[in-house]
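A short write-up of the structure that comes next.
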Amino acid sequence: MRYIEPHAHMVSRVTDDYAAMVTAGCRAVCEPAFWAGFDRSSAQGFYDYFCQLAEYEPRRAAQFGLPHFSWLCLNPKEAENLALADEVLAMIPSFLDRPNVLGIGEIGLNKNSRNEVAIFEKHVDLAVRHGQMILVHTPHLEDKWKGTRLIVDILKQNRGVDPTRVIIDHVEEHTVDLALDAGFWAGITLYPQSKCTPSRAIDMVEIYGAQRLWLNCACDWGHSEPLAVPKTALEMKRRGHSEAAIDRLIYGNPLQFLSQNPKFRIDKIASEDKRDAAQK
Amino acid sequence: MDRSRITDLYFAEARSKLIDLAAFLDRIDRSEGADDFRMKSLRSTLTELAKPGPDKAKKILLLLSDQTKEPVAEAGTKSASGAWAGF
């Protein structure tokens with residue numbers, strides 16, 4: 001089995017998780033910027049975090065031969081502080097030429113507030129101005145349906161947004177069609193309690209088809225499972241899906257989406273990072 | 001995949017979750033106080049399970065969702081409760 005983990009917050013995970021993921025067949029990991037579990041007190045805190053995502057974490061992953069990529073943003077959970085958000089937004093362009101930075105994400109909404117909407121629109125505008133791909137976080141639980149509709153409307157209103165270069169993540173049964181019908185990619189996040197279970201994820205793949213869908217674990221500092229994608233692959237096998245269909249969903253699809261950014265070169269990055277790690 | 005195969009694969013798991021839900025409702029009934037909006041929402045979804053037709057998961061998720069359209073004035077909290085307070 002081989003797979004790409006397109007959404008994992010590895011700075012929150014222990015080194016053993018890297019070993020387990022690579023053992024299970026992980027060929028690349030992508031890490032969107034996230035909320036730390038507390039609000040950062042200054043833009044300098046974000047600068048340090050972006051350096052961690054663009055410099056340190058790729059070296060940590062390279063110790064296991066695993067290419068590491070990242071997405072940068074201010075998480076919607078921290079969007080209520082508009083002055084801080086503007087400072088962070090102004091800093092992001094200086095990181096966009098880093099070799100492992102794939103785009104702007106995970107931006108989106110959390111509680112569907114006016115300030116969250118304003119900062120989401122600014123992130124989208126930033127991505128469009130700099131020709132960046134976009135990874136979108138949709139809200140949790142009772143806020144997801146409303147938030148996903150707001151997000152889709154905002155993205156459709158921006159004429160510079162190419163839907164084929166945008167993935168709307170954390171979809172469930174009531175939001176997957178909102179993303180796919182509008183031409184976006186959709187991500188299904190596999191969580192032990194919230195979001196989606198492996199069996200429900202496979203249901204959606206069977207109902208909607210595998211086109212423009214990816215699976216991810218979104219593992220972080222909360223209840224989450226870094227091996228959720230390969231475990232779902234085993235569940236697909238148990239349900240009678242072919243090896244080729246499984247490979248397409250968990251490797252081919254993320255490869256297709258992410259390769260729209262020419263920086264997503266798995267073999268090249270892996271060898272460069274291995275060399276850098278050896279020199280440190 | 002035929003129905004007997006799906007039943008073979010998932011019946012035990014679904015049965016376990018169903019008993020867990022029943023035990024949770026018993027636990028709530030034994031407790032003191034009244035249902036809040038979360039329990040009222042959850043109880044309203046139970047009738048959906050017995051109805052014939054497709055998309056039960058989608059319908060239940062929608063019943064537990066915020067039905068408004070406009071952004072709220074401010075976030076207030078960062079967390080979600082799992083049910084809509086306006087239910």
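The values are calculated or read from the model by the stated rules, or taken from the named source; none is laboratory data. What you are looking at is a predicted structure, and each value in this text was computed from that prediction instead of being measured. Using ideal geometry, Cβ is built from the backbone for each residue, glycine included, and neighbour counts are taken over all protein chains shown.
Is it the case that A:Ser113 is within 11 Å of chain B (Cβ to nearest Cβ), over 19 Å from the mean Cα position of the chain (by Cα) and over 18 Å from A:Ile168 (Cα atoms)?
yes
Looking only at residues that are of a type outside the set (D, E, K, R) and in a loop (DSSP other than H, G, I, E, B) in segment A:81-99, which one is farthest from A:Asn112 (Cα to Cα)?
A:Pro99
Can you find a residue that is part of a helix (DSSP H, G or I) and farther than 27 Å from A:Ala24 by Cα anywhere in segment A:236-251?
no
Name the residues in segment B:1-44 that are within 23 Å of A:Tyr208 (Cβ to Cβ) and not acidic (Asp, Glu), would you?
B:Met1, B:Arg3, B:Arg5, B:Ile6, B:Leu9, B:Tyr10, B:Ala14 - these are the residues of segment B:1-44 that are within 23 Å of A:Tyr208 (Cβ to Cβ) and not acidic (Asp, Glu).
Matching residues to (1) crowded, with 18+ Cβ neighbours inside 10 Å; (2) away from chain B (no Cβ under 14 Å); (3) over 19 Å from A:Gly103 (Cβ atoms):
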position	(1), (2), (3)
A:Cys26	yes, yes, yes
A:Arg40	yes, no, yes
A:Cys51	no, yes, no
A:Ala54	yes, yes, no
A:Ala61	yes, yes, no
A:Leu66	yes, yes, yes
A:Leu72	yes, yes, no
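Go through (1) among the charged types (D, E, K, R); (2) without any contact (Cβ under 8 Å) to a residue 40 or more places away in the chain; (3) touching a Ser or Thr at 6+ places or on another chain (Cβ under 8 Å) and name the single condition A:Asp169 misses.
(2)
Looking at segment A:256-275, which of its residues are crowded, with 20+ Cβ neighbours inside 10 Å and at pLDDT 95 or above?
Hits for segment A:256-275 are A:Phe257, A:Leu258, A:Phe264.
Quick check on segment A:34-53. Is at least one of its residues farther than 30 Å from A:Asn112 by Cβ and touching a Cys at 6+ places or on another chain (Cβ under 8 Å)?
For segment A:34-53, residues farther than 30 Å from A:Asn112 by Cβ and touching a Cys at 6+ places or on another chain (Cβ under 8 Å): absent.
Do we find that A:Val22 is more than 30 Å from A:Glu87 (Cβ to Cβ), out of contact with any Cys (no Cβ under 8 Å at 6 or more places or on another chain) and free of Cβ contacts under 8 Å to residues at least 60 places away in the same chain in this structure?
Criteria met by A:Val22.
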